[in-house]
Amino acid sequence: MPEPHVNAFAPRRTPTRRGPDPKQERSVLTRLRVLRGAAELFTERGYRQTSVKDVADRVEMTKGAVYFHYPTKEALALAIVDEHYARWPKILDEVNKEGLGPVDTAARMLERAAVAFQDDVIVQAGARLQLERPQIDAELPTPYVDWISLLESLLVSAREAGELRPGVDPGPAARSLVSAFFGSQHVSDVLSGRADVVRRWRDLGDLLFRAIRAD
């Protein structure tokens, strides 16, 4: 069976001016503290309604200290989006180590992503910032395309391994799974603040994978 496309999630390095490269552990921890505080506020209020002063107050620092690490609010937003995308290849590495078949790998990846959307404020903030991209004066990565690429690669492998129901086209199936997953997490966000995103995706994911999996 062909290996899954483990490089589907390309490294994200968005072009913007950032603060000094942290060399010391204390500086790294401070940057993470600022990033998490900003992620909480962006998730709660959105980009436009969050100021650098709000972030400084949340993490109990001065505005100058925040600016030392992140020179602009755009830099903060882009750093969060970078971290959001950095979550997925790490999860993919972990799932690949489970030794599952391609269909089960696809299903497991989406299960793990649902947990991340429910529990990880960086993932939550990155998703909201992507929705608010017209408000951010910086270039953000195009969302969803890496997920489509990964799932299509896995479903091609599944078809070759006889795991896919006859007549299922990997491309449209991958696009449908991505649309369903991200639509599901958005509905969960609106209705419950993502408190039920894992359950909601489990119900929908079971239905969709039953439709494409070979008998």
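The values are calculated or read from the model by the stated rules, or taken from the named source; none is laboratory data. This one's a predicted model, so the numbers in the text were calculated from it and none came from an experiment. Cβ: placed from backbone, ideal geometry, glycine included. Neighbour counts: every protein chain shown. Only protein heavy atoms, including side chains, enter the accessible area calculation; ligands, DNA and RNA are left aside. Shrake-Rupley method; radii C 1.70, N 1.55, O 1.52, S 1.80 Å.
Computed over neighbours whose Cβ is under 13 Å from that of L131, the net charge equals +1, Lys and Arg +1, Asp and Glu -1.
Using 1/(1 + (r/R0)^6) with R0 = 30 angstrom and r between the beta carbons of V187 and L100, what's the FRET efficiency to the nearest 0.05?
Numbers: r = 27 Å, r/R0 = 0.91.
That pair, V187 with L100, gives E of 0.65.
Apolar share of the accessible surface for the chain: 50 percent from carbon plus sulfur atoms, 1.4 Å probe.
The order of D57, D104 by accessible area, most exposed first and with a 1.4 Å probe, is D57, D104. Rounded to the nearest 10 degrees, the inclination of helix 102-119 to the longest alpha-carbon principal axis of the chain is 30 degrees. On the basis of the beta-carbon distance and an R0 of 30 Å, Q49 and R175 show a calculated FRET efficiency of 0.35. At the listed q of 0.12, 0.14 Å⁻¹, the Debye profile of the chain, built from one uniform point per Cα, gives log10 I(q)/I(0) equal to -0.67, -0.86. The per residue volume of the convex hull around the alpha-carbon atoms of the stretch 54-146 is 114 Å³. Using 0.36 nm per residue and subtracting the Cα-Cα separation, the extra length available between A86 and D215 on full extension is 42.9 nm.
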